[in-house]
Amino acid sequence: MNNLASTYGALGMHDEARKLQQEALEFAQRVLPADHPNIATSMNNLASTYGALGMHDEARKLQQEALEFAQRVLPADHPHIAGSMHHLAVTYNYLGMHDEARKLHQEALEFRQRVLPADH
């Protein structure tokens, strides 16, 4: 579902992508264990489409939830946590929350520098 939704998004069919990503998230929440990392991925995918549709406040809420979820279920040094930070920081910029975006981008950068090899 997420692959097709991604293709919809690439084609500019964001409403169709949103519907399919919402369905994918609901499916993941229903069939996967409650702490499965793919749930956070589905949240971030849907939030990205919200952003493409100009629904930045909805994107921010879902990205915050995805970040908190990832921090709860992934190892503390998992690079996907930094990715979730980055997504949320980008949305902060769209919302004019530039100081919050700067701080979170800085935190994500420091996180990546701490957990990834120097040549990554």
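The values are calculated or read from the model by the stated rules, or taken from the named source; none is laboratory data. Every value quoted in this text rests on a predicted model; they were computed, and no experiment measured them. Glycine gets a Cβ as well: all are built from the backbone with ideal geometry, and neighbour counts include every protein chain shown. To get the accessible areas, we keep the full protein, side chains included, count just its heavy atoms, and leave off ligands, DNA and RNA. Shrake-Rupley method; radii C 1.70, N 1.55, O 1.52, S 1.80 Å.
The table that follows gives values for the structure above.
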{"item": "Highest-MSF residue in the chain out of Leu67, Leu32, Leu53 [GNM, Cα springs under 10 Å]", "result": "Leu32"}
{"item": "Spacing of the two label points (7 Å from each Cα toward its C-beta) at Glu26 and Lys61, in nm", "result": "1.7 nm"}
{"item": "Vicinal HN-Hα couplings computed from phi for the range 18-32 (Karplus, 6.51 cos²θ - 1.76 cosθ + 1.60; Hz; Gly/Pro x)", "result": "4, 4, 5, 5, 4, 5, 5, 5, 4, 5, 4, 5, 7, 9, 8"}
{"item": "Label-point gap, in nm, between Gln113 and Leu4 - each point 7 angstrom along Cα→Cβ", "result": "4.4 nm"}
{"item": "Virtual paramagnetic centre 7 Å along Cα→Cβ of Ala52, amide N under 20 Å, in the range 86-107", "result": "86-95"}
{"item": "Listed peptides 69-76, 21-28 by packing density, highest first (mean Cβ within 10 Å)", "result": "21-28, 69-76"}
{"item": "Degrees separating the helix 56-73 axis from the principal Cα axis of the chain, which is the longest one", "result": "60 degrees"}
{"item": "Where labels lie 7 Å past Cα in the beta-carbon direction, separation of Met13 and Tyr94 in nm", "result": "2.1 nm"}
{"item": "Angle between the chain longest axis and helix 37-52 axis [Cα atoms, degrees, rounded to 10]", "result": "70 degrees"}
{"item": "Accessible area in square angstrom per residue, the chain, 1.4 angstrom probe", "result": "59 Å²"}
{"item": "Test item: Cα-centred dipole of the chain, Lys/Arg +1 and Asp/Glu -1 on Cβ, debye", "result": "40 debye"}
{"item": "Estimated FRET transfer efficiency (Ala76, His36; beta-carbon r; R0 22 Å; 0.05)", "result": "0.80"}
